[in-house]
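Quick notes on the structure that follows.
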Amino acid sequence: MVQRLLLKRPLSAHIHRLVLLLLLAVNIYPLLWMILNSLKTEQELSMNPFGVARKPMWSNYIEAWKVAKLGPYLVNSITVTLASVVLTLLVGALAAFFLSRFEFKSKGFLLVYFTFGMLIPIHATLVPLFIEMRTFNLLDNRLTLLFPYTAFNLPITIFILAGFMNAFPKEVEEAGIVDGCSVMGVFGRLIIPMLTPALATAFIINFLNNWNEFSFALVLISDSALKTLPLGLANFAGQYNRSYTLQMAGLTIVLVPTLLFYLSVQKYLTAGMTAGAVKG
C-alpha cells in the first residue's frame with residue numbers, strides 16, 4: 001500500500017524530497033563531525049578526523065567546562081536572554097497593538113520606521129553604540145546588553161505581531177468596549193490571548209538571536225563576571241588555541257541548550273508562521 005502511494009506521487013515531489021534530504025545532510029554533517037571529534041584525543045583527531053572515537057574521552061567535556069568557565073556564563077546568558085525577550089515582547093506587543101488597531105496621522109511613517117529597522121546591519125552600529133553606552137556609564141553592568149538586544153529585536157517583533165493582529169475582526173474589540181473594558185483591558189483580556197501563536201514565534205526568534213549573539217557582548221562587556229556563553233568560547237584562545245578537541249567539546253556544550261530549546265518549541269514556531277501566513 002505504501003509502495004503504491006509512493007509510486008503515485010509526481011516526479012517533482014521526489015525531487016523536492018531529495019533536495020531537502022541533501023540540504024539536511026549538508027547542515028547536519030558539520031555538527032555530527034564536531035560531536036564525534038569532541039570525544040577523541042588530539043592524536044586520534046589528527047590521525048583519523050572522520051572516524052568514530054575508539055574510546056570516548058568524556059573528560060574533554062569536563063575540561064572544556066572548566067576552561068571556558070561555562071557555569072557562570074550559562075547563568076548570565078539565561079538571565080540576559082530571558083529579560084531582553086520579555087521586555088521586547090511587552091514593548092513590541094503594545095506598539096503592534098496601537099499600530100494595528102488604531103488610525104492616526106503618523107501611522108504610516110511609524111510602520112515604515114520600524115520596518116526600516118530590520119534593514120540596518122546591526123554591526124554597523126557597534127562603535128556609536130559603544131560611545132553612547134560609555135557616555136551614559138552603562139558599560140559593564142547587568143543592563144548593558146538588555147538595551148541593544150531589545151532595540152534590535154523590536155522591528156521583527158512588531159512586524160510579526162502587527163501582521164497577525166491585522167487579521168483580528170474589529171467586532172471583538174467593539175464587544176469588549178460595550179462590556180466595559182478600557183483600551184488596555186481590551187489589549188490584556190482579548191488581544192493577548194488571541195496573539196499567543198505569534199508571541200510564541202517572536203519569543204523563539206528573539207531567544208535564538210540573543211542566545212547566540214557575540215559581537216555586542218564582546219564590545220560592551222569586559223567584566224568576566226558578566227560575560228555570556230559565546231564569550232566563554234573565546235577562553236580557548238591562547239594556550240588552548242590548538243586544543244581542537246576541547247574547543248569542539250565546548251562548542252557542543254553551548255549547542256545543546258539551543259538545540260533542545262528549538263526542538264521543544266518547534267511546533268509553536270511552525271504554527272505561528274502558518275497562522276500568520278493564512279490570516280495575513
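The values are calculated or read from the model by the stated rules, or taken from the named source; none is laboratory data. If you're wondering where the values come from, they're calculated on a predicted model, not measured in any experiment. Ideal geometry is used to build each Cβ from the backbone, glycine not excepted, and the neighbour counts take in all protein chains shown. Accessible surface is based on the protein model in full, side chains and every heavy atom, while ligands, DNA and RNA are left aside. Shrake-Rupley method; radii C 1.70, N 1.55, O 1.52, S 1.80 Å.
Data overview
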| quantity | calculated |
| --- | --- |
| Contour excess over end-to-end distance, with Cα ends at Arg54 and Thr115 and 0.36 nm allotted per residue | 16.7 nm |
| Unit charges on C-beta of K, R, D, E only; dipole of the chain, Debye | 840 |
| Unit charges at the beta carbon, dipole of region 8-99: most positive-side option, Gly71, Ile15, Met57 | Ile15 |
| Span-rule helices in the chain, defined as complete DSSP H runs reaching 18 Å or more along the axis (Cα) with Kyte mean at least 0.5 | 11-37, 70-101, 146-165, 196-211, 244-279 |
| Highest-first arrangement of 197-204, 40-47, where packing means the average Cβ count within 10 Å | 197-204, 40-47 |
| Extreme residue, positive dipole direction of region 20-112, given options Val112, Ile35, Phe97 (C-beta unit charges) | Phe97 |
| Average accessible area per residue (Å²) across the chain - probe 1.4 Å, nucleic acids and ligands excluded | 60 |
| With every protein chain in place, the chain: carbon and sulfur % of accessible area (1.4 Å) | 71 |
| Cβ-based net charge around Lys40, under 11 Å, with every Lys or Arg adding one and every Asp or Glu removing one | 0 |
| Highest-fluctuation residue, Ala53, Ala64, Ala83 considered, GNM on the chain with Cα pairs under 10 Å | Ala53 |
